[in-house]
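Please treat every number below as a calculation from the coordinates, not as lab data. Quantities reported herein were computed from a predicted structural model and do not represent experimental measurements. Cβ sites come from the backbone with ideal geometry, for glycine too, and all protein chains shown count toward neighbours.
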Amino acid sequence: MTKKNIKKEIRDQYKKTMDRAISKKVGTMVIIITEDTYDKALTAFNIAVAAIEIGIKVNMFFTARGVNILKKSYKPRRAKWGEAPIGWKETYIKRRGGVTLAQLMYQANDLGIIMSLCYSSMISMGLHEQMFLKGIKIITMPEFLNSAIETDAHLLIG
């Protein structure tokens with residue numbers, strides 16, 4: 001559909017919507033990650049890096065199976081049987097000029113994104129602090145909730 005085919009009223013309404021001033025800017029964001037599949041990890045880090053690049057302070061909180069993403073020995077898993085292998089996905093992403101999960105994780109760390117790990121999830125899975133990447137904050141659920149209350153936006157990826 002070309003611009004000529006769109007009715008003037010619709011174009012005017014769209015312009016009015018796009019010009020509307022947003023009363024509250026998002027200054028801080030929490031992204032909660034509860035699963036360790038490749039696609040969910042990639043989505044979480046994509047959002048986090050994009051948010052920090054536009055000036056939003058980001059805190060990523062990994063809980064439940066999501067804590068596995070921050071392990072030194074993390075090997076992404078597929079979400080379901082029959083899905084393309086992770087290696088194929090990464091090759092396709094690289095061929096198209098995209099950024100892989102590992103690159104996004106390094107970028108997130110370099111940009112100052114706070115990555116927090118749920119203490120109770122770590123303990124319940126029998127994991128230890130030495131098993132995780134450097135620079136990860138291990139916090140309790142009350143500590144997370146205390147910081148999340150002060151946050152402008154919350155996203156759950158799980």
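What the table below lists for this structure:
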quantity: Every residue from the stretch 104-158 that is more than 25 Å from residue 26 (Cα to Cα) and charged (D, E, K, R); calculated: 129, 134
quantity: Residue within the stretch 30-44 that is under 22 Å from residue 112 (Cα atoms), surrounded by fewer than 20 Cβ atoms within 10 Å (Cβ to Cβ) and not charged (D, E, K, R) present; calculated: yes
quantity: Residue list for the stretch 103-125, filter: of a type in the set (A, V, I, L, M, F, W, C), within 13 Å of the chain's Cα centre (by Cα) and part of a helix (DSSP H, G or I); calculated: 104, 105, 108
quantity: Enumeration of residues in the stretch 126-157 that are exposed (fewer than 15 other Cβ atoms within 10 Å of the Cβ), part of a loop (DSSP other than H, G, I, E, B) and not hydroxyl-bearing (Ser, Thr, Tyr); calculated: 126, 128, 133, 134, 135, 150, 152
quantity: Some residue of the stretch 67-78 being surrounded by fewer than 13 Cβ atoms within 10 Å (Cβ to Cβ), under 18 Å from the mean Cα position of the chain (by Cα) and within 15 Å of residue 40 (Cα to Cα); calculated: yes
quantity: Matching residues in the stretch 80-97 - criterion: being in a helix (DSSP H, G or I), more than 21 Å from the chain's Cα centre (by Cα) and among the aromatic types (Phe, Trp, Tyr); calculated: 88
